[in-house]
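The values are calculated or read from the model by the stated rules, or taken from the named source; none is laboratory data. Note that this is a predicted model, so its numbers are computed, not measured. Glycine gets a Cβ as well: all are built from the backbone with ideal geometry, and neighbour counts include every protein chain shown.
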Amino acid sequence: MVQSLSTEFDVAVIGAGVVGCAVARRFALAGAKVVVIEKGADILSGASKANSAILHTGFDAPEGSLELELVKAGRAEYLSIHGRMGLSLVETGALVCAWNPDEAERLAAIAEQGRRNGIAELGLLTARQARETMPGLSGHLTAALEVSGEHIIDPWSAPLGYLTQAVGLGAQLVRNAEVLSGSFDGAWRIETTAGPILAASIVNAAGLFGDIVDARLGLAPEFTIMPRKGQFVVLDKAARRHVPRIVLPVPTEITKGIVVCPTAFGNVLVGPTAEEQDDRERATVETATLEALLKRGAEIVPALASISVTAVYAGLRPASEKKHYRISVRPDRRAITLGGVRSTGLSAALGLAQHALTLHAGFGTRFDLPLSVPDVTMPNLTETCERDWQRADHGEIVCHCELVTRREIDATFSSPVPPGDFGGLRRRTRAGMGRCQGFYCNARLAAMTGDRLAVPLAVGAGDER
Amino acid sequence: MSTAQLFQQEREDASYADVIVVGGGPAGVAAALKLKARGIARVMILEREPALGGATRHCSHSPFGMREFGRIYFGPAYARRLEREAQDAGVDIRIGHSVVELGQDGALLVTSARGVESLKARRIVLATGAREKPRSALLLPGDRPVGVITTGALQSYVAFHGIMPFRRPLIIGSELVSFSALLTCLTHRARPVAMIEPEPEPLARSPFQWFPRLVGVPFHCGAVLMDIRGRGRVEEADIRLADGRLLTVKCDGVLLTGRFTPEAALLNASAVDVAAGSAGPMIDQDGRMANPIFFASGNLLRAVETGGWSFREGRRVGAAVADDLAREPCNDLVVPVTFTEPLKLVIPTMLRRGGLDRPAFRDFQLRFTKRVQGRLSLHLDGTEVWSKIGLWLPERRVLVPIPRAAFEASQIAFHVGETN
């Protein structure tokens, strides 16, 4: 799977989260020979698997910050490529909702900051005006700020698409490869659990392990990751008609707060919490917290009170001891670290990738542009465009709740970046993601996937028959 | 072309039926059989799975069929019998057909291997059954590794694929199905590490509650799951016992049993009224929904009853639909049946004036949310017409005859006076 030791890559990207996937694509498009080193059995297995799927405008990002610049650049690139790559965009817009006079007073300042941030489409609304655009909102609303450029996307197909394009340009993905150490003598030799990998330069996009990877490579880390857990509840699709828009709270210093947000798949999610913890791997859900999220959701949109829960999840944001992105450049070691990308990674990923390429140009290496760029069109999983079940000869419906076809599942296993674990299969096809969570399809998926997943669904699959 | 010719052409169209039954489990097949027996020409069953039978296809333990077929079957054989009966009766069976959306006019959006089509009928019977709630809907805590599944999924592993999802599961629940799940484990080389029930006593009747101890599986009531740990697959779980002690068990799976809920996704997708307490559709005494060309029966109404119960209910609703086809869809006034906690549900959820002479439901079916000692009473227009004092247990069937006078009442309410 890894090319022989003699192969030297131009760039080793560490971490196949949303940022790593975007960086791989950007460098591959520039003509670099890229290897992506991923610790997990599949891509997006860290912070990137759990987010709120919002493509932000940056209206509330710190003024003049790199984060603002990269969110805007990332969003602009996404808007320019999504149609061509079959990536979703659901133009919901958002309402920043104030629930008391204090919050309402702050809306003007937020709008002003948004304008200074270069976001034009902002409008202060009275409670009545806001509820006209979204009648499901609670009558306790005081006022709202409309941000029409905030949209939702499929947060997994997008990075998968970036990496798929990179692979089409010759990039290699090495899974189950945890970085152990590295040495630099003009070029890098990176020791991993999957063997050594040689590369001229390194881009560290290891997310929750960014500081640890820097340390293992002998690069004194310039930041410390402080994981911040976010728990979410996903409500049944019956909720979707009550939530046509993203409902944001008035943000505090610490967090963007609890969001009620439609998803591109037709559900509604409520979350995230913001809970500091030391553990970088475990992201548990807690019954009392999930109940509190449901309660908060029903306070914001009362009709949600009677709607059942489809899924619950928790993720860890790679926050650091400072609020801003933590980007380190070490020209003498040909290494770039993209760290502390805590909550806007999905929106900023393509911008971060552009930024990394610009920084890399400072290392003095020039790549030859690829002769041709293969077209990549990702399968649509969202309810806003045609799904496979609507087309003939799909084989059969395997997952009834999400209407996932056998053809879709077969196709994902023969795709350039096939699933490595069950989570990866779910993210690529939505199989098992629906309201029954596998009551009907889990056994069928176990039989179909056999031992092709890192943790097979069935035990002793080999000796059973 | 004359109107009669047009009508004739529509009748011969493969996308048209007198009645379409959605779901080919016991309730759906029974409704279809009754309709055929009553001489209805075009009766179609749409079943999304590869065979008829519904959940009985993978229920290997419970005895099925005594009352409807005069002999006892295991689930899979019963399912095959249902399919054979439907074939012999001339039902138009379409397996691998998933209904995606219900149209108010009786047109159904359907997908199958061929793609999407629209099928239409004069009456639609929904019989999509029930399923167990997943861990997410139960808000269970912890990691989300591979190996946390429901009984239905476990039995599908075994019955359809001959594979197992775990070897040492922790079983949660103590309904009848929970003991069936335990038996499935034991007969397929899995050794449950413990069985726990959050309620203070088992939900299933004696003697099932003695079964775990007989086979050497620790059984704890009043025990709550506090954490699930596991990076890839389940590795261990924490349980808080009734006496407050915290117990950590090594296990490679968590088996969630019972806590059934109607499989009512189609209703949610189609903006049809759903009854709050049961999460199934609102129906009247004939099984008719708010939109009078739609009917419903079986466990979609009220999770969950036995296959035999659902079969008999399906047959009665099938008979009602046959009668209903002889007249215009009945849009007469409905009166909701009201109730409060600790009642969980009442079916029918409403009574309709101008219903059929022989209603499909002769009894109200009630369920309680919790164990209650007290007086259950039925009131029509504020006057008590029926009452009974007793100990009422959760998830147990309670039947109350529907009095004739109820169809004339403008207020129908159940009350519970707790005495403990």
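Things worth noting here:
- Set side by side, the residues B:GLY354, B:GLY314 differ, and just one is modelled with pLDDT of 95 or more, within 15 Å of B:ASP284 (Cα to Cα) and not in a strand (DSSP E or B), which is B:GLY314.
- Failed item, numbered, when B:GLY354 is tested on (1) on the phi > 0 side of the Ramachandran plot; (2) surrounded by 14 or more Cβ atoms within 10 Å (Cβ to Cβ): (2)
- Among the residues listed as B:ALA89, B:ALA107, B:ALA153, the single one being buried (at least 19 other Cβ atoms within 10 Å of the Cβ), among the small types (Gly, Ala, Ser) and under 25 Å from the mean Cα position of the chain (by Cα): B:ALA153
- Leading residue by the ranking (nearest to the other protein chains (Cβ to nearest Cβ)) among those in the range A:424-445 that are part of a loop (DSSP other than H, G, I, E, B) and among the charged types (D, E, K, R): A:ARG435
- Residue, nearest to B:ILE149 (Cα to Cα), within the range A:281-313, restricted to residues that are surrounded by 16 or more Cβ atoms within 10 Å (Cβ to Cβ) and among the hydroxyl-bearing types (Ser, Thr, Tyr): A:THR310
- Criterion (closer than 18 Å to B:ALA27 by Cβ and touching a Ser or Thr at 6+ places or on another chain (Cβ under 7 Å)) met by exactly one of B:VAL337, B:VAL317: B:VAL317
- Qualifying helices (runs of 4 or more DSSP H) (wholly inside the range B:130-217; at least 3 residues being more than 12 Å from chain A (Cβ to nearest Cβ)): B:176-186, B:211-214
- Checked against (1) in contact (Cβ under 8 Å) with a residue 12 or more places away in the chain; (2) closer than 30 Å to B:PHE294 by Cβ, B:ASN268 meets all criteria but (1).
- Any hit, the range A:290-306, residues being assigned to a strand (DSSP E or B) and in contact (Cβ under 8 Å) with a residue 40 or more places away in the chain: no
- From the list B:THR306, B:THR261, the one residue that fits, being under 17 Å from the mean Cα position of the chain (by Cα), buried (at least 19 other Cβ atoms within 10 Å of the Cβ) and of a type in the set (Val, Ile, Thr), is B:THR261.
- The number of residues in the range B:102-118 that are more than 12 Å from chain A (Cβ to nearest Cβ) and outside any strand (DSSP E or B) comes to 4.
One line per residue, one yes/no per condition, for (1) touching a residue at least 60 places away in the same chain (Cβ under 8 Å); (2) polar (S, T, N, Q):
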residue	(1), (2)
A:LEU89	yes, no
A:ALA104	no, no
A:ALA144	no, no
A:SER148	no, yes
A:LEU160	yes, no
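- Checked across the range A:140-155, the condition of being buried (at least 22 other Cβ atoms within 10 Å of the Cβ), closer than 23 Å to A:LEU453 by Cβ and either modelled with pLDDT of 95 or more or of a type in the set (A, V, I, L, M, F, W, C) (or both) holds for at least one residue.
- When A:ALA454 is tested against (1) within 11 Å of another protein chain (Cβ to nearest Cβ); (2) within 24 Å of A:ALA50 (Cβ to Cβ); (3) touching a residue at least 40 places away in the same chain (Cβ under 8 Å); (4) touching a strand residue (DSSP E or B) at 6+ places or on another chain (Cβ under 8 Å), exactly one condition is not met: (4).
- Identification of helices (runs of 4 or more DSSP H) wholly contained in the range A:1-117 with 2 or more residues that are closer than 30 Å to A:VAL233 by Cα and within 19 Å of the chain's Cα centre (by Cα) yields A:18-29, A:66-85.
- Residue count, the range A:229-253 (criterion: hydrophobic (A, V, I, L, M, F, W, C) and assigned to a helix (DSSP H, G or I)): 2
- Search result, residues across the range B:30-50 that are more than 26 Å from B:ALA326 (Cβ to Cβ) and within 18 Å of the chain's Cα centre (by Cα): B:GLU47, B:ARG48, B:GLU49
- Output for the range B:357-388, where each listed residue is surrounded by 17 or more Cβ atoms within 10 Å (Cβ to Cβ) and either polar (S, T, N, Q) or assigned to a strand (DSSP E or B) (or both): B:PHE364, B:GLN365, B:LEU366, B:ARG367, B:PHE368, B:VAL372, B:GLY374, B:LEU376, B:SER377, B:LEU378, B:HIS379, B:LEU380
- Scan of the range A:407-423 for residues that are at the interface with another protein chain (Cβ under 9 Å from one of its Cβ atoms), touching a residue at least 40 places away in the same chain (Cβ under 8 Å) and not small (Gly, Ala, Ser), ordered by number: A:ASP421
- Those residues of the range A:359-405 which are polar (S, T, N, Q) and either under 30 Å from A:ASN442 (Cβ atoms) or not assigned by TED's automatic domain parsing to the domain that holds A:GLY170 (or both), in sequence order: A:THR377, A:ASN380, A:THR382, A:THR384, A:GLN390, A:THR405
- Of residues in the range B:66-101 being within 14 Å of chain A (Cβ to nearest Cβ) and of a type outside the set (Lys, Arg), the one nearest to A:HIS400 (Cα to Cα): B:SER98
- Whichever residue in the range B:110-139 is of a type in the set (A, V, I, L, M, F, W, C) and farther than 23 Å from A:GLU383 by Cα and, among such residues, is nearest to the chain's Cα centre (by Cα): B:ALA130
- One residue alone among B:THR257, B:THR261 is facing another protein chain (nearest Cβ under 9 Å) and polar (S, T, N, Q), and that residue is B:THR261.
- Test: A:ARG282 is at pLDDT 95 or above, among the basic types (Lys, Arg) and outside the structural domain of A:HIS82 (by TED's automatic domain parsing): yes
- Flag if A:MET448 is closer than 29 Å to A:LEU169 by Cβ and more than 8 Å from chain B (Cβ to nearest Cβ): no
- Residues (under 18 Å from B:THR349 (Cα atoms) and not in a strand (DSSP E or B)) located in the range B:397-420: B:ARG397, B:ILE402, B:PRO403, B:ARG404, B:ALA405, B:ALA406, B:PHE407, B:GLU408, B:ALA409, B:SER410, B:GLN411
- Selection status of A:GLY395, within 11 Å of chain B (Cβ to nearest Cβ), in a loop (DSSP other than H, G, I, E, B), of a type outside the set (Asp, Glu) and surrounded by fewer than 19 Cβ atoms within 10 Å (Cβ to Cβ): yes
- For the range A:425-442, the tally of residues that are without any contact (Cβ under 8 Å) to a residue 12 or more places away in the chain and under 16 Å from B:ARG131 (Cα atoms) stands at 2.
- When A:VAL285, A:VAL260, A:VAL341 are checked against the criterion of being away from chain B (no Cβ under 14 Å), farther than 16 Å from A:ALA205 by Cα and hydrophobic (A, V, I, L, M, F, W, C), A:VAL260 stands alone in meeting it.
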